[in-house]
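What follows is a set of notes on a single structure, which appears directly below.
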Protein chains: 2
Amino acid sequence: MPVQFICNRIIHMDITSYIEDNRKKIDGFLKKYISAKKRNNDCPKELAEAMSYALMAGGKRVRPILAIASYEAVGGRSKGILNVASALELIHTYSLVHDDLPAMDDDDLRRNKPTTHRVFGEATAILAGDALLTDAFHIISTSDGDPKKLITVIEELSHACGPEGMVGGQEVDILLEGKKGSKKDVLYIHTHKTGAFIRGAVRVGALMGGASRKRLDALTEYGEKTGLAFQVIDDILDITGTKAEIGKSTGADAAKGKNTYPSAFGLEKSREIADNLIKEAVHALADFNKNADPLREIARYILSRRN
Amino acid sequence: MPVQFICNRIIHMDITSYIEDNRKKIDGFLKKYISAKKRNNDCPKELAEAMSYALMAGGKRVRPILAIASYEAVGGRSKGILNVASALELIHTYSLVHDDLPAMDDDDLRRNKPTTHRVFGEATAILAGDALLTDAFHIISTSDGDPKKLITVIEELSHACGPEGMVGGQEVDILLEGKKGSKKDVLYIHTHKTGAFIRGAVRVGALMGGASRKRLDALTEYGEKTGLAFQVIDDILDITGTKAEIGKSTGADAAKGKNTYPSAFGLEKSREIADNLIKEAVHALADFNKNADPLREIARYILSRRN
């Protein structure tokens, strides 16, 4: 066994390098995708620029990295995973562009930069979002891999990000803005708006890696817990973070009357909930070997993140 | 040979019945889809209502019918085609909901009814569009059929409706609003905004039907010509139609400074162009047998349509 691995097991693997290495691979894929888009005469220049602006704004690539880590946890080996994982970032980006629109969350700043509609106008922002969502399915459908697997991936992803998943969560989030939702409402919003897609990203990686039913179930639990924890921490950072750290104004949730975990449970209780969720997520991977270390570390990393 | 067929060949088949029968089948599928959505507790009620309102507003179902007719023209036989064809209507509906938004075409009326955002608000309309687009891919990925075929269908459709297709056409349409575009611009808008998806619908049917390369090429030409003719006639009807016929205010294109065929080529020349396109579309099917009669008649029907 290489020394590196022994060290990893003892002192925890170097998750920062793991995330950085994979982020570079994903960014490399996305750059190629966007370059091709800009060179294609059938794609209007303004649209390609808006898609590029939104997609290359310095995202953390959490969902693609989770998909790759999940894929590796079940011993997957093929090239197609990078394409499929990167496609998740197109869907995530489309959701941010649409969520930021004046008719939705009306945000002017995202990752310390003006939001897409502030730069390109609302019409182009709506269409750039539509284009990114549509292209995500195009990237998956043209990826290397068994067509049966790719179809299952599309089934999974379109469910996770559709009206019973991410879009449904965003709808309830908007509908209940300024109203005091119940704890059940807040749970619905978080498990759907953010949780469903993160769970989906983990499942997509597992499906591409040919996971057994038992392993898929365990990874699903990991994805569910991690996804919910991710949004709870997002809510906490909106209160405790700085503008420089989170890339947008702090206190925005409270100002908009958003239903968040801190608003429903209080800040301390929310921290405790996030902490427990991450413990449960790591516990769900108890039967996995060292290949699941990145997933374990990503969960801990999410808990400690500052942006 | 049954008498019906002989009659069809002599006096032209009864295209009105053909369209009506298929429209009913497609509406049946869409009704079931929407009922399931409304019953699903994971899908917010308001969102399901908005999706239902937009989808069941009495559309002509042109794209699904073209897909079915194209499928039948190449002798396709399987159940999956109804699902796949109906999914096209979800994509068409999403595009209408988004196009009607205040930031886009700002339309209050569609098919003689208030547009989706006028009834449900802008945020829900944006999300209903996103949900319909996402669900279209879910329907296809869960359809009966060879996964390899379904993946090809998704590749085709996501290209036809993405930034190099429908979304690209809409972007240029909006960008050039109020400006005098060149004839080349108008051709780009029409072949992309409407043409690409109609061409895609015909190709999707052919792919599901297992068309040979030669037949796919012929159907692609048919789809291209028919798609362009469809939009040219739409432009003409915006000038010559009545509000009752077209379901929205007439003269809207001119009022908005849209770049249309009549604005670029004049009304008479546009009629002549549409007429020639339909002739060329029918000619592209010269080597097809009677199974392609519905496609031939739909092309003629499009030329004579009043709404």
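The values are calculated or read from the model by the stated rules, or taken from the named source; none is laboratory data. These figures come from a predicted structure and were not determined experimentally. Backbone-built Cβ (ideal geometry, glycine too); neighbour counts: all protein chains shown.
Side notes on the structure shown:
- Hits in the stretch B:133-158 (condition: within 7 Å of chain A (Cβ to nearest Cβ) and among the small types (G, A, S)): B:S141, B:S158
- Any chance A:R300 is of a type in the set (K, R), within 18 Å of the chain's Cα centre (by Cα), part of a helix (DSSP H, G or I) and surrounded by fewer than 17 Cβ atoms within 10 Å (Cβ to Cβ): yes
- Residue match in the stretch A:201-215 (condition: assigned to a helix (DSSP H, G or I), of a type in the set (A, V, I, L, M) and surrounded by fewer than 17 Cβ atoms within 10 Å (Cβ to Cβ)): no
- Close pairs (7 angstrom Cβ cut-off, 6 or more residues apart or separate chains): closer than 20 Å to A:G169 by Cβ in the stretch A:101-119, among the hydroxyl-bearing types (S, T, Y) and at pLDDT 95 or above anywhere: A:D107/A:T115
- Subset tally (residues that are closer than 30 Å to B:G178 by Cβ, in contact with a helix residue (DSSP H, G or I) (Cβ under 8 Å, 6 or more places away or on another chain) and not in a helix (DSSP H, G or I)) for the stretch B:252-297: 3
- Set A:A299, A:A254: member being without any contact (Cβ under 8 Å) to a residue 24 or more places away in the chain and not hydroxyl-bearing (S, T, Y): A:A254
- Single residue of the stretch B:35-48 satisfying the filter (within 11 Å of another protein chain (Cβ to nearest Cβ) and part of a helix (DSSP H, G or I)) that is surrounded by the most Cβ atoms within 10 Å (Cβ to Cβ): B:L47
- Matching residues, the stretch B:159-183, being aliphatic (A, V, I, L, M), within 18 Å of the chain's Cα centre (by Cα) and within 7 Å of another protein chain (Cβ to nearest Cβ): B:V167
- Selection of first residues in the stretch A:71-96 that are among the charged types (D, E, K, R) and of second residues that are crowded, with 22+ Cβ neighbours inside 10 Å, restricted to Cβ pairs under 6 Å at least 6 apart or on distinct chains, gives the following pairs, ordered by first then second residue: A:E89/A:R61; A:E89/A:P64.
- The C-beta contact set for the stretch A:276-290 (first residue touching a residue at least 60 places away in the same chain (Cβ under 8 Å) and crowded, with 17+ Cβ neighbours inside 10 Å, second residue among the β-branched types (V, I, T) and in a helix (DSSP H, G or I), distance under 9 angstrom, 6+ apart or interchain) comprises A:A281/A:T226; A:A281/A:I302; A:A284/A:T220.
So that you can scan it fast, the table gives a plain yes or no per residue for (1) crowded, with 24+ Cβ neighbours inside 10 Å; (2) at the interface with another protein chain (Cβ under 8 Å from one of its Cβ atoms); (3) in contact with a Gly (Cβ under 8 Å, 6 or more places away or on another chain):
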| site | (1), (2), (3) |
| --- | --- |
| A:L96 | no, no, no |
| A:D99 | no, no, no |
| A:D105 | no, no, no |
| A:T115 | yes, no, no |
| A:V119 | no, no, no |
| A:A131 | yes, yes, yes |
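- Checking B:G178 against (1) in contact (Cβ under 8 Å) with a residue 60 or more places away in the chain; (2) assigned to a helix (DSSP H, G or I); (3) not polar (S, T, N, Q), the condition it does not meet: (2)
- Scanning the stretch B:230-259 for residues that are modelled with pLDDT of 90 or more and within 18 Å of the chain's Cα centre (by Cα) gives B:F230, B:Q231, B:V232, B:I233, B:D234, B:D235, B:I236, B:L237, B:D238.
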